[in-house]
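Novice: Right, I'll just put the structure down here and ask away after.
The values are calculated or read from the model by the stated rules, or taken from the named source; none is laboratory data. Nothing here was measured: the structure is a model prediction, and the numbers come from that model. A quick note on method: Cβ atoms are made from the backbone with ideal geometry, for glycine too, and the neighbour counts reach across all protein chains shown.
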Ligand code: HEM
Ligand SMILES: [Cu+2]
């Protein structure tokens, strides 16, 4: 049944051979040296500080939703960096390879990247930014915040949560592995068929792309289940639907999308895998296959995915603006309905990604109209934010700056989206960099919201505020960079420049591309200030310690527990009385009340099984990529065995006795040290450690 | 609310089980048998048959959802039901909109092979031109 | 701000902390599993989309089409097997209601054996088609057809394996909370296969006989 592939294959290594290691490519060798040095430094640092035990016990085997969230965010940041390097390469290549007389370096006719290499870079950039940067960053933030906002001790399924994390990590690792072993797909992040089919892409690149996508898809589906069940089932007493914090509502809407659409993505990719491995004809050009079926299925997921990433961003903005306007959110109900509405409408617009397919005019018209309808709930949100700020006592601290700036990107991105939404208009701009500029406005809105959210909730998670002076430098430089890159890109779009050009045929586009490179340089400069901000914040953490409520005017439940949050979240589950519970308590003078009686707390035990499952999934996917069948068999068998064995483990939880809770609470209150990080137990209670 | 190990089987969700399973079995088989009989006997035009079968399938699925999967609005089951009800429109959207777009697409691109393509001369002329 | 601003609440009458609060572990687990089953239904839907798009005569690429590969008679036999297995599992759940360990095991064992019957008919049917030359690689239509058949078959295999595990767990651990929620989840999984089969039977097998 397996498709025969020409070329060498051995039972032991499959298609893998020494020649697949790109040791002749100076760029990749440089990257490899950089990555190895980084690894050596990290390993050395961890050994020097004696942190291996901590790393294993407190992080890698943790099922604590806050730590899992932090690890998601770390994956997201690493991949954001990788995606950014890809962007730098694309920008510089396009600026260099302008016109027939432009010079060529490193075996390339123009610029310094061959078309094949350039194709891999833009494919990797999109795949990474959407699935391995934006998605993990947002999933991480939701992971940390939602249980805190609803007064829960953890997610509904802490173990599953860790499984999702490690599946995502395995996917990210697979993308990284493709840098040094073999190559990556070169047919765009959304996969252009039939180029993705075996006859046109016989290498392993597409397989890397496909399995990395698949792992992330499965991880995100499971994560969606977890978050939804958590919100439905784990709310504290009194946390009625009408009192749910707005970020939690946004997360709920987002995860309705992930639960319903990621399965479609999994099927889309599985069918491509069948085409490539067993020779079926789903997306082939001949023998009854239909390549538009791929686009149909892919975008059934693809469009809702963009709302999956934007809704949590909206949620963060909705939390930040009231705090720094010192007013409750305007139009709570409208905001909730708009979030759910966006999730609903996002399910009926996907054809706008292939208006040019030649569907019947009525079909294009229908999808044109549904696409524009998304503007209605989005508009509701924008007005609600505006009315929240109206006559508020505005404080432009860092989180607020990021949040307000995000609104400008929403405006530009939304309006250009509306322009794309006219099918007739889209025939003109489709596949041009105008579309690229459009969705980057949207994705930058998300990035801005994430930076706002990170600045806003950082003190909750780590116990100290981020420094603001370097932070503001970073903000303004980042914004300048964004403007310098994307304003010329819109112009180029109108001038007819198409996407993914490794060679730019018209010299008159050159100056615009040079401007974009300047923008990229400003981005790089801004990153220096980000690092400075982080460094200074960490250095001065004792001075920047935050109390329960770092901003004094926060409103929701997460600001009622300690900063950093202890591993059990709340010593005693709070009773909720109002929509903005903390604001309500402050108003009634019952803020900071201590529970008079403590109770036993049930907590899930740490486990290494999710980590192993992630590692084995990586092995499985790697085996599939290189067609190393024994590895595939061993890893699948091990995964199944591990799942069954784990189901026989009865010792998965433990109890913290009430008196220990009290002891820890007292220790946290009495020693407000800046050194403690999230979840760390205070010195007074070492005994509990053994139970973990 | 937490259930200890010794009485876990008294949980309300366990107590949902009952004679409905037998009813679901009988009704399910009867409906599938009916559909088979209709098709085997070619009772009616293909279109009528298609509609009748879809209707039978819908009834059978609903009966099974109610009797086997206990979809109802009781306190234990309400969220299961809500989730299903939220999903059903999406099943219909995915299938309905996809078939609609490909129906139009095939008429415009597979003119030799799609029997009804001739019935849409204006559109065919447009693509052909 | 509101008039209540200055007034301090009596923390005794408006409790700020809730004591004795726990979550219903079983209900939490079954909800999550049900959400998973719905996502699985979405995967079936996507496969049905593929089958709809690739279901035309020209998608058969000159090879066998629905009229040749869909055998409603055999499919009805499979229906009987599958529904009976589902019923047997239902009996296991009725036994669980009374806390009868042996009843649960008997029901599951019966469901398992009957499910094997389903698989045997299914496998035989597929082999017959393969011998006819109707294989997934033949055409887009057959790819979509067989993928649906195999995907459903895979569920039955997983169900059988899960039943085996549960037989061991019920025997070894008894009807503990963990075992009970898994039995409930397996009920959702297994009964859900019956619902999916209704659509398979109607749109895969019967539809082929009409046109
Ligand atoms: C009011 C809201 C929006 C409208 C009306 C809209 C409309 C569109 C349209 C019509 C296209 C297709 C253009 C073409 O390929 O010719 C498009 C592409 C795209 N949009 Fe949007 N969009 C909206 C919001 C968003 C959001 C929130 C995001 C992401 C967070 C986003 C991300 C994208 C992406 C990634 C693409 C291009 C995908 C690709 O071709 O690679 N859009 N948008
Ligand atoms: Cu879209």
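Novice: What are the pairs, 6+ residues apart or on separate chains, where a residue within region C:43-54 that is more than 7 Å from every other protein chain (Cβ to nearest Cβ) and more than 24 Å from residue A:222 (Cα to Cα) has its Cβ under 9 Å from a residue that is surrounded by fewer than 24 Cβ atoms within 10 Å (Cβ to Cβ) and at pLDDT 95 or above?
Specialist: C:51/C:147; C:51/C:148
Novice: Out of region A:441-469, which residues are within 16 Å of ligand 2 (Cβ to nearest atom) and out of contact with any helix residue (DSSP H, G or I) (no Cβ under 6 Å at 6 or more places or on another chain)?
Specialist: A:443
Novice: Of the residues A:351, A:340, only one is away from ligand 2 (no atom under 16 Å from the Cβ), in contact with a helix residue (DSSP H, G or I) (Cβ under 9 Å, 6 or more places away or on another chain) and closer than 21 Å to residue B:92 by Cβ; which? If you could, list the steps in order and put the result at the bottom.
Specialist: Numbers: A:351 fails: away from ligand 2 (no atom under 16 Å from the Cβ).
Checking each option against the conditions leaves just A:340.
Novice: With the structure loaded, tell me whether residue A:139 is within 16 Å of ligand 1 (Cβ to nearest atom) and at pLDDT below 95 or whether it fails that test.
Specialist: Details: within 16 Å of ligand 1 (Cβ to nearest atom): yes; at pLDDT below 95: no.
No.
Novice: I would also like to ask the following. Name the single residue, out of those in region A:345-380 being more than 10 Å from ligand 1 (Cβ to nearest atom) and away from chain B (no Cβ under 12 Å), that is surrounded by the most Cβ atoms within 10 Å (Cβ to Cβ).
Specialist: Looking at residues that are more than 10 Å from ligand 1 (Cβ to nearest atom) and away from chain B (no Cβ under 12 Å), I get A:380.
Novice: While we're looking at this one, here's another question. Given the options B:101, B:71, name the one that is within 12 Å of chain A (Cβ to nearest Cβ), at pLDDT 90 or above and crowded, with 18+ Cβ neighbours inside 10 Å. Step through it out loud before you land on a result.
Specialist: On the way: B:71 fails: within 12 Å of chain A (Cβ to nearest Cβ).
After ruling out the rest, the residue left standing is B:101.
Novice: Please tell me if residue A:307 is more than 16 Å from ligand 2 (Cβ to nearest atom) and either within 14 Å of chain C (Cβ to nearest Cβ) or within 30 Å of residue A:195 (Cβ to Cβ) (or both).
Specialist: Working: more than 16 Å from ligand 2 (Cβ to nearest atom): no; either within 14 Å of chain C (Cβ to nearest Cβ) or within 30 Å of residue A:195 (Cβ to Cβ) (or both): yes.
Taking the combined requirement at face value, the residue does not satisfy it.
Novice: Another question, then. How do the pairs read when you match residues in region A:523-546 that are surrounded by fewer than 16 Cβ atoms within 10 Å (Cβ to Cβ) with residues anywhere that are modelled with pLDDT of 95 or more, using Cβ under 7 Å and keeping only pairs 6 or more apart or on different chains?
Specialist: Qualifying pairs under 7 Å: A:525/A:477.
Novice: Taking residue C:171 and the conditions (1) over 24 Å from residue B:26 (Cα atoms); (2) facing chain B (nearest Cβ under 8 Å), which numbered condition does it fall short on, given that it satisfies the others?
Specialist: (2)
Let's see how each residue does on (1) touching a helix residue (DSSP H, G or I) at 6+ places or on another chain (Cβ under 7 Å); (2) surrounded by 15 or more Cβ atoms within 10 Å (Cβ to Cβ); (3) in a helix (DSSP H, G or I); (4) in the same structural domain as residue B:92 (by TED's automatic domain parsing):
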| site | (1), (2), (3), (4) |
| --- | --- |
| B:23 | yes, no, yes, no |
| B:39 | yes, yes, yes, no |
| B:42 | no, no, no, no |
| B:49 | yes, yes, yes, no |
| B:52 | yes, yes, yes, no |
| B:58 | no, no, yes, no |
| B:62 | no, no, yes, no |
| B:66 | no, yes, yes, no |
| B:79 | yes, yes, yes, yes |
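Novice: Being assigned to a loop (DSSP other than H, G, I, E, B) and closer than 30 Å to residue B:12 by Cα is true for just one of C:99, C:159, C:107. Which residue is that? Please lay out each step first, then the result.
Specialist: On the way: C:159 fails: assigned to a loop (DSSP other than H, G, I, E, B); C:107 fails: assigned to a loop (DSSP other than H, G, I, E, B).
None of the others qualify; the one that does is C:99.
Novice: Taking the stated definitions as given, is residue A:288 modelled with pLDDT under 95 and either outside any helix (DSSP H, G or I) or within 14 Å of another protein chain (Cβ to nearest Cβ) (or both)? I'd like the intermediate steps shown before the answer.
Specialist: Values: modelled with pLDDT under 95: yes; either outside any helix (DSSP H, G or I) or within 14 Å of another protein chain (Cβ to nearest Cβ) (or both): yes.
Answer is yes for this residue.
Novice: For residue A:259, only one of the following conditions fails: (1) more than 22 Å from residue A:581 (Cα to Cα); (2) surrounded by fewer than 24 Cβ atoms within 10 Å (Cβ to Cβ). What is its number?
Specialist: Of everything listed in (1) more than 22 Å from residue A:581 (Cα to Cα); (2) surrounded by fewer than 24 Cβ atoms within 10 Å (Cβ to Cβ), residue A:259 misses just condition (2).
Novice: Against the definition (more than 14 Å from chain C (Cβ to nearest Cβ), assigned to a helix (DSSP H, G or I) and within 27 Å of the chain's Cα centre (by Cα)), how does residue A:615 come out, yes or no? Step through it out loud before you land on a result.
Specialist: Numbers: more than 14 Å from chain C (Cβ to nearest Cβ): yes; assigned to a helix (DSSP H, G or I): yes; within 27 Å of the chain's Cα centre (by Cα): yes.
The answer is yes for residue A:615.
Novice: In this structure, is residue A:392 within 11 Å of ligand 1 (Cβ to nearest atom), in contact (Cβ under 8 Å) with a residue 12 or more places away in the chain and touching a helix residue (DSSP H, G or I) at 6+ places or on another chain (Cβ under 6 Å)? Explain how you work it out, then say what you get.
Specialist: Numbers: within 11 Å of ligand 1 (Cβ to nearest atom): no; in contact (Cβ under 8 Å) with a residue 12 or more places away in the chain: yes; touching a helix residue (DSSP H, G or I) at 6+ places or on another chain (Cβ under 6 Å): yes.
No; evaluated as a whole, the condition is false for this residue.
Residue-wise test of (1) in contact (Cβ under 8 Å) with a residue 40 or more places away in the chain; (2) within 14 Å of chain B (Cβ to nearest Cβ); (3) within 8 Å of ligand 1 (Cβ to nearest atom).
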position: A:397; (1), (2), (3): yes, no, no
position: A:402; (1), (2), (3): yes, no, no
position: A:413; (1), (2), (3): no, no, yes
position: A:418; (1), (2), (3): yes, no, yes
position: A:423; (1), (2), (3): yes, yes, no
position: A:430; (1), (2), (3): yes, no, yes
position: A:436; (1), (2), (3): yes, no, yes
position: A:440; (1), (2), (3): yes, no, no
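Novice: Looking at region C:175-198, can you tell me whether even one residue there is at positive phi, touching a residue at least 60 places away in the same chain (Cβ under 8 Å) and not in a helix (DSSP H, G or I)?
Specialist: Initial filter on region C:175-198 (at positive phi): none.
So far as region C:175-198 goes, no, none of its residues is at positive phi, touching a residue at least 60 places away in the same chain (Cβ under 8 Å) and not in a helix (DSSP H, G or I).
Novice: Something else now. When you look at residue B:44, is it within 14 Å of chain A (Cβ to nearest Cβ), over 30 Å from residue C:32 (Cα atoms) and modelled with pLDDT under 95, yes or no? Before you say what the answer is, go through the steps one by one.
Specialist: Working: within 14 Å of chain A (Cβ to nearest Cβ): no; over 30 Å from residue C:32 (Cα atoms): yes; modelled with pLDDT under 95: yes.
No.
Yes/no matrix, rows are residues, columns are (1) over 19 Å from residue C:52 (Cβ atoms); (2) at pLDDT 95 or above; (3) surrounded by 18 or more Cβ atoms within 10 Å (Cβ to Cβ):
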position: C:129; (1), (2), (3): yes, yes, yes
position: C:132; (1), (2), (3): yes, no, no
position: C:144; (1), (2), (3): no, yes, yes
position: C:164; (1), (2), (3): yes, yes, no
position: C:171; (1), (2), (3): yes, yes, no
position: C:190; (1), (2), (3): yes, yes, yes
position: C:205; (1), (2), (3): no, no, yes
position: C:211; (1), (2), (3): no, no, no
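Novice: State yes or no: is residue A:230 within 11 Å of chain C (Cβ to nearest Cβ), within 22 Å of residue A:135 (Cα to Cα) and crowded, with 24+ Cβ neighbours inside 10 Å? Working first, answer last.
Specialist: Numbers: within 11 Å of chain C (Cβ to nearest Cβ): yes; within 22 Å of residue A:135 (Cα to Cα): yes; crowded, with 24+ Cβ neighbours inside 10 Å: yes.
Criteria met by residue A:230.
Novice: State which residue is nearest to residue A:63 (Cα to Cα) when the search covers only region A:576-612 and only residues that are more than 11 Å from chain C (Cβ to nearest Cβ) and outside any loop (DSSP other than H, G, I, E, B).
Specialist: Residues of region A:576-612 that are more than 11 Å from chain C (Cβ to nearest Cβ), as a first pass: A:579-580, A:582, A:603-612.
Filter once more, so that each one left must be outside any loop (DSSP other than H, G, I, E, B): A:582, A:603-604, A:609-612.
Numbers: A:582: 27, A:603: 10, A:604: 7, A:609: 11, A:610: 9, A:611: 11, A:612: 14 Å.
Looking at the filtered set, the residue picked out is A:604.
Novice: Same structure, new question: Given the structure, is residue A:331 surrounded by fewer than 24 Cβ atoms within 10 Å (Cβ to Cβ) and more than 14 Å from every other protein chain (Cβ to nearest Cβ)?
Specialist: Values: surrounded by fewer than 24 Cβ atoms within 10 Å (Cβ to Cβ): yes; more than 14 Å from every other protein chain (Cβ to nearest Cβ): yes.
Against the criterion (surrounded by fewer than 24 Cβ atoms within 10 Å (Cβ to Cβ) and more than 14 Å from every other protein chain (Cβ to nearest Cβ)), residue A:331 qualifies.
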